[in-house]
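Here's the structure, in structure tokens; my notes come after.
Rule-based calculations on the coordinates, nothing more; no lab input. Predicted, not measured: the structure shown is a model, and the values here were computed from it. As a convention, Cβ positions derive from the backbone with ideal geometry for all residues, glycine included, and neighbour counts pool all protein chains shown.
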Amino acid sequence: MSRRDLVFILACSCALRAQDTYFKEPERKWWLPTWELNAWHEDVDRGPGRPAIIRDRSRLRLRWQIGEDDGWIQFRAGSAHYAGSDGNRFNLARFDNEPSNGSRLDLAELRIQGLGSKGGAELRGGLVENGLISTESLWDPDLRVIGGFGRAFLRSPDGLVDEIGLRAAVGNARLLEGGRVEITAVQAVAKFTTGEVSWSFFGGPWNLRAREEDLAKFHRQNPLTNPGYSTQETNFPLSAYGIAISASTGFPFEIKAQRHTNRDTKETGGELQVFLGSRTRKWRPQVGWVRQVMAPTSQLASINGDLWWFHANADGSRYILALPLPRKWLIQYSYLDQRLRSSKTSLTTQRFDILKRF
């Protein structure tokens, strides 16, 4: 080996070491938050003779975390900051559970968990996300529970059985203007994975009740959507069950269906979601279809997703086209067509979103 070859090899070795040293992805400090930004333009057509609603809104979420994801203890905190062209005075009329302008505490939870190859347990307390599997017709994913969530499960070391166990949530769902709904729910979950496809089966009782001290606020946030029906019902004992199938193959897809029945009135509602493509694979579009059937009177409007206008006695579909971009950005167009069954009143919404994920 010549001296020139030796010098070349040493130079390449030094360059590789320098690349490892100076181009390594920096570790995030615990005091630096991750962030999610969602800005959107919305055009709501409420039908002949009623003025359209055109609004622009944005939401910035910040998250802090102490402790590793797979560690036995972890603390997470988050804030949410809103700005919009429509003032907060319109929120009740438009069935929003989040402010149009202002800031609020979005998350403050302590999580203790023990995980192993054959099972695990998890307990969260504080202002927590609801860890129950659900759809928008039953639970708004942006709502938080002041209380706790827990789960205990078994799984197989070979990966076939991901989870067989129970999940539970208890506490108060925080609604707009300080009103709260008490939630007590237990859910059995069975999740299996075969290759790149996962199957989840879930079901159990949900008990939802407006707090006595919040009845005035509760009724303001649950206006009558059926002019021919009047009720002062504030207790909603539901049985909810469903199935979810997802695949991370070369052509990803996700299907989720849920049905819930009021155990007192026997009325039912449900939702079907079908998504083709991925929201995380850049430059590969995703298309989606969401179908909702809202129960005639047994639908708790305060905890339904804000993306929908009518919250009882209505049918509707939402169509989604999304394009993931580099650095966790995404642009999305959605079209909602929803109508009341009682009066045939219809509503359409077009919405354009730009989103940067956590």
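Spin-label pair residue 115-residue 72: with each label point 7 Å from Cα along the Cα-Cβ axis, the two points sit 1.5 nm from one another. Straight-line cross-link partners of residue 191 among the aspartates and glutamates, defined as a Cα under 15 Å from its Cα and at least 8 positions apart when in the same chain: 158, 162, 163, 254. Summary value for region 43-356: 12 percent relative contact order, contacts being C-alpha pairs under 8 angstrom separated by 6+ residues.
Other residues within the sphere of radius under 11 Å centred on the Cβ of residue 286, judged by their own Cβ, net out at +2 (K and R +1, D and E -1). Once C-alpha pairs closer than 8 Å and six or more residues apart are averaged by separation and normalised to the residue number of region 78-201, the relative contact order reads 18 percent. Other residues lying with their Cβ under 12 Å from the Cβ of residue 52 contribute a combined charge of 0, Lys and Arg counting +1, Asp and Glu -1. Relative contact order, whole percent, for region 284-358 stands at 28, derived from Cα pairs under 8 Å and 6 or more residues apart.
Stretched out straight at 0.36 nm per residue, the stretch from residue 341 to residue 81 would grow longer than its current Cα-Cα span by 90.0 nm. Taking amide H atoms as placed 1.01 Å from N in the peptide plane, the amide H of residue 130 lies under 5 Å from those of 145, each 5 or more residues away in sequence or on another chain. Label reach from residue 265 (point 7 Å along Cα→C-beta): in region 174-214, amide nitrogens under 15 Å belong to 208-210.
Computed over neighbours whose Cβ is under 12 Å from that of residue 164, the net charge equals +3, Lys and Arg +1, Asp and Glu -1.
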